[in-house]
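Coordinate-derived values only; no laboratory data. What you see is a predicted model, and the numbers here were worked out from it, not measured in a lab. Don't worry about glycine lacking a Cβ; one is built from the backbone with ideal geometry, like all the others, and counts go over all protein chains shown.
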Amino acid sequence: MTRVLLTGFEPFDGESTNPSWQAVRAAAAEPPAGLELFTAELPCVYGESRTALRAAVQECGPDLVICVGQAGGRPDITVERVAVNVDDARIPDGAGAEPIDEAIVPGGPAAYFSTLPVKACVAAVRAAGLPASVSNTAGTFVCNHVFYALAHLIATELPGVRGGFVHVPYAPEQVVGRAQPSLPVTSVAQALREIAVAAAGTREDLRIAGGATH
Ligand code: PCA
């Protein structure tokens, strides 16, 4: 059995829900064959989120870690390619912090690539009839912070573990009257199951296009 840790976030930016955590819980309630799914909800707070992630990884001892966050306004499931070593807040985090251009790991690499097979993950979600694409930026808010912290933890302490980050659209109830794209949480949960299966079963990523011109 492959042990997979899925994390989601608490609500932030005035929202009453966060589809990342809803979908993670729904995915774990019906795990795919061959995978053991563990979950953790992370605070939307710089620093604390990273501490909570480390604790969850230590407790679960996963083979794979898939962190998930809300990217309101994106129309599809986005599998993140790269985490950058910077905190630059556009809005305050859950504790009111608004760091500007601070290194997540002072002296650390400028960036880490996901160690998930991002193209295979996107292909698996699409094959299930759901929209997905590769994203080349996870932003500079708490999601990128957690993604970078995960990648650094793996690179420096957990060489046998693979991990990455997935952003998901708003849930439909969040966009009523707002004309923004959304995806039902059941679909997002299905996409997360597909991603977990693809990541567990793919060592070498697919050579298919997933780039962007801007
Ligand atoms: N999305 C935010 C942080 C928490 C979340 O779900 C982000 O994209 O940084």
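For the chain, set up a Gaussian network in which alpha carbons nearer than 10 Å are linked by springs, and say which option among Val142, Val175, Val45 fluctuates the most.
Its mean-square fluctuation being the largest, the pick is Val175.
Order of 186-198, 2-14, 84-96, 128-140 by packing, highest average Cβ count within 10 Å first?
Order by mean packing, descending: 186-198, 2-14, 128-140, 84-96.
Less than 15 Å Cβ to Cβ from Ala120, Lys/Arg counted +1 and Asp/Glu -1: what total charge do the surrounding residues give?
+3
Count the DSSP beta bridges whose two residues both fall in the chain, then state the antiparallel fraction as a percent rounded to the nearest 5.
20 percent
Find out how many positive minus negative residues lie around Asp87, taking Lys and Arg as positive, Asp and Glu as negative, among other residues whose Cβ is under 14 Å from that of Asp87.
Around Asp87, the charge tally is -4.
Around Glu204, under 14 Å between beta carbons, what's the net of Lys plus Arg minus Asp minus Glu among the other residues?
+3
Taking the Cα atoms of the chain, report the difference between the largest and smallest coordinate on each principal axis, in whole Å and largest first.
46, 41, 38
How big is the gap, in Å, between the Cα center of region 10-24 and the Cα center of region 118-193?
Comparing the Cα centres of region 10-24 and region 118-193, I get a distance of 13 Å.
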